[in-house]
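Okay, structure first, notes after.
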Amino acid sequence: MTHVNTPRDGGVRLAVVQLDDYGPWTTTPEPRRETDLQALQARLFATVADFFGDRDGYAFAGRYDNMLGVANHIDPEAFTRLQERVANQYPVTVSVGVGTAPTPVAALEAAGDVLQAAGSAQETDRREVLDHRVVDGATPGTLTVAHFDVVDVTGELTDRVSPDVAERTVRRTMLALSERLAEEHAAVTQFVGGDNAIAVCPDVGRPALESVLEHVRSETGVELQVGVGHGPSAHAAGFEAKHALEACRATGSRIEGPWGVADD
């Protein structure tokens, strides 16, 4: 039976930033060059990441036309400023769904639900929607962030196999990790480039993470290490997780976090 811990204090707020009617723009008046589309997506994500970062949040590129963010310190109405910024700087607009829930998975589902309820992402008359759904009366509280990376990725992959094999191996590993964390711990995990993934989790202890790392190793043959942090914002928790991950690299341990003996 899956066991999901509740967050230490309250819940989590996640946001989905979705491009409005993006498909037709990419082909009108004729199909646009892929390099132009990729450059637009990269610049747009930088704008979204800056918006979240300036407010102690985290942003993830997702599929680029559907970006994600951790928004525990962001009032939902503040996203009107992001929408104005995008409309002023880019040839596209964005809709934003915000979900606040006891777990990250539930928060992300709520954020997606409000956008789907407003209409299809391909509908020309659905523009700059902003809505917020609260699940079970949750309010944003202390966050848990887990920062994972591959142990000795340079020695095991980068310097030994082709770039294509290395990339496929890392992505397969991150998929196994994200699926396990979602199914067993209601966490939302995003690949953030290189050999790194960041998970927004309910409160998890060392035994649970040991089980996750062993599952990924058995599924993919790749060994991961993880640093865990807690904090009132994504930035605070993520920075603590980064320091914990550095402790893994320095000491050779596979799991580091802010636990006492009772939490292990």
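The values are calculated or read from the model by the stated rules, or taken from the named source; none is laboratory data. Note that this is a predicted model, so its numbers are computed, not measured. A quick note on method: Cβ atoms are made from the backbone with ideal geometry, for glycine too, and the neighbour counts reach across all protein chains shown. Please note that ligands, DNA and RNA were not included when accessible areas were found on the heavy atoms of the full protein model with its side chains. Shrake-Rupley method; radii C 1.70, N 1.55, O 1.52, S 1.80 Å.
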Residues Val222, Val204: which one is open to solvent by less than 40 Å² (accessible area, probe 1.4 Å), more than 30 Å from Asp50 (Cβ to Cβ) and not in a helix (DSSP H, G or I)?
Val222
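Conditions (1) crowded, with 22+ Cβ neighbours inside 10 Å; (2) over 17 Å from Leu143 (Cα atoms); (3) touching a Lys or Arg at 6+ places or on another chain (Cβ under 7 Å); (4) modelled with pLDDT under 95, marked per residue:
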{"site": "Glu210", "(1), (2), (3), (4)": "no, yes, no, no"}
{"site": "Ser233", "(1), (2), (3), (4)": "no, no, no, yes"}
{"site": "Gly238", "(1), (2), (3), (4)": "yes, no, no, no"}
{"site": "His243", "(1), (2), (3), (4)": "no, no, no, no"}
How many residues does the stretch 183-198 contain that are without any contact (Cβ under 8 Å) to a residue 60 or more places away in the chain, of a type outside the set (Val, Ile, Thr) and touching a Phe, Trp or Tyr at 6+ places or on another chain (Cβ under 9 Å)?
4
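Which residues, counting only those in the stretch 186-201, are in contact with a helix residue (DSSP H, G or I) (Cβ under 8 Å, 6 or more places away or on another chain), open to solvent by 30 Å² or more (accessible area, probe 1.4 Å) and at negative phi? Even if it seems obvious, please write down each step before you answer.
Step one: filter the stretch 186-201 for residues in contact with a helix residue (DSSP H, G or I) (Cβ under 8 Å, 6 or more places away or on another chain), giving 186-191, 194-195, 197-201.
Okay, now just the ones that are also open to solvent by 30 Å² or more (accessible area, probe 1.4 Å), so 190-191, 194.
Matches in the stretch 186-201: Gln190, Phe191.
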Out of Leu143, Leu175, I need the residue that is among the aliphatic types (A, V, I, L, M), within 30 Å of Gly11 (Cβ to Cβ) and touching a residue at least 60 places away in the same chain (Cβ under 8 Å). Which one?
Leu143
Where the second residue is among the small types (Gly, Ala, Ser) and the first is assigned by TED's automatic domain parsing to the domain that holds Ala247 and lies in the stretch 215-227, which pairs have Cβ atoms under 6 Å and are six or more apart or on separate chains?
Val216/Ala176; Glu219/Ala176; Thr220/Ala176; Val226/Ala146; Gly227/Ala241; Gly227/Ala244
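Determine whether Ala111 is assigned to a helix (DSSP H, G or I), open to solvent by less than 30 Å² (accessible area, probe 1.4 Å) and either within 16 Å of Ala234 (Cα to Cα) or touching a residue at least 60 places away in the same chain (Cβ under 8 Å) (or both). First the steps, then the outcome.
Working: assigned to a helix (DSSP H, G or I): yes; open to solvent by less than 30 Å² (accessible area, probe 1.4 Å): yes; either within 16 Å of Ala234 (Cα to Cα) or touching a residue at least 60 places away in the same chain (Cβ under 8 Å) (or both): yes.
It is true that Ala111 is assigned to a helix (DSSP H, G or I), open to solvent by less than 30 Å² (accessible area, probe 1.4 Å) and either within 16 Å of Ala234 (Cα to Cα) or touching a residue at least 60 places away in the same chain (Cβ under 8 Å) (or both).
Listed here are the residues, each with its yes/no results for (1) out of contact with any strand residue (DSSP E or B) (no Cβ under 7 Å at 6 or more places or on another chain); (2) among the acidic types (Asp, Glu).
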site	(1), (2)
Glu77	yes, yes
Val86	no, no
Thr100	no, no
Val129	no, no
Asp159	yes, yes
Ala166	yes, no
Subset tally (residues that are part of a loop (DSSP other than H, G, I, E, B) and farther than 21 Å from Arg81 by Cα) for the stretch 114-132
5
Considering the stretch 146-191 alone, what residues qualify as being in contact with a Ser or Thr (Cβ under 9 Å, 6 or more places away or on another chain) and in a strand (DSSP E or B)?
Ala146, Phe148, Val150, Val188, Thr189, Gln190, Phe191
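I'd like to know if the stretch 58-73 contains one or more residues that are within 27 Å of Glu183 (Cα to Cα), among the aromatic types (Phe, Trp, Tyr), open to solvent by less than 20 Å² (accessible area, probe 1.4 Å) and outside the structural domain of Ala236 (by TED's automatic domain parsing).
Of the residues in the stretch 58-73, the ones within 27 Å of Glu183 (Cα to Cα) are 58-73.
With the extra rule that they be among the aromatic types (Phe, Trp, Tyr), the set shrinks to 58, 60, 64.
Applying the additional criterion that residues be open to solvent by less than 20 Å² (accessible area, probe 1.4 Å) yields 60.
Now narrow it down to the ones that are outside the structural domain of Ala236 (by TED's automatic domain parsing): 60.
Among the residues of the stretch 58-73, at least one is within 27 Å of Glu183 (Cα to Cα), among the aromatic types (Phe, Trp, Tyr), open to solvent by less than 20 Å² (accessible area, probe 1.4 Å) and outside the structural domain of Ala236 (by TED's automatic domain parsing), which makes the answer yes.
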Can you name the residue in the stretch 22-51 that is within 23 Å of the chain's Cα centre (by Cα) and touching a residue at least 24 places away in the same chain (Cβ under 8 Å) and, of all such residues, is surrounded by the most Cβ atoms within 10 Å (Cβ to Cβ)?
Val48
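Does Leu68 meet the test of being hydrophobic (A, V, I, L, M, F, W, C) and not in a helix (DSSP H, G or I)?
Working: hydrophobic (A, V, I, L, M, F, W, C): yes; not in a helix (DSSP H, G or I): yes.
Judged against the criteria, Leu68 is a match.
So, in the stretch 245-262, exactly how many residues are in contact (Cβ under 8 Å) with a residue 12 or more places away in the chain and either open to solvent by less than 40 Å² (accessible area, probe 1.4 Å) or among the polar types (S, T, N, Q) (or both)?
Residues of the stretch 245-262 in contact (Cβ under 8 Å) with a residue 12 or more places away in the chain: 245-249, 253-259.
Then keep just the ones that are either open to solvent by less than 40 Å² (accessible area, probe 1.4 Å) or among the polar types (S, T, N, Q) (or both); that gives 245, 247-248, 253, 255, 257, 259.
Adding up the residues that qualify gives 7.
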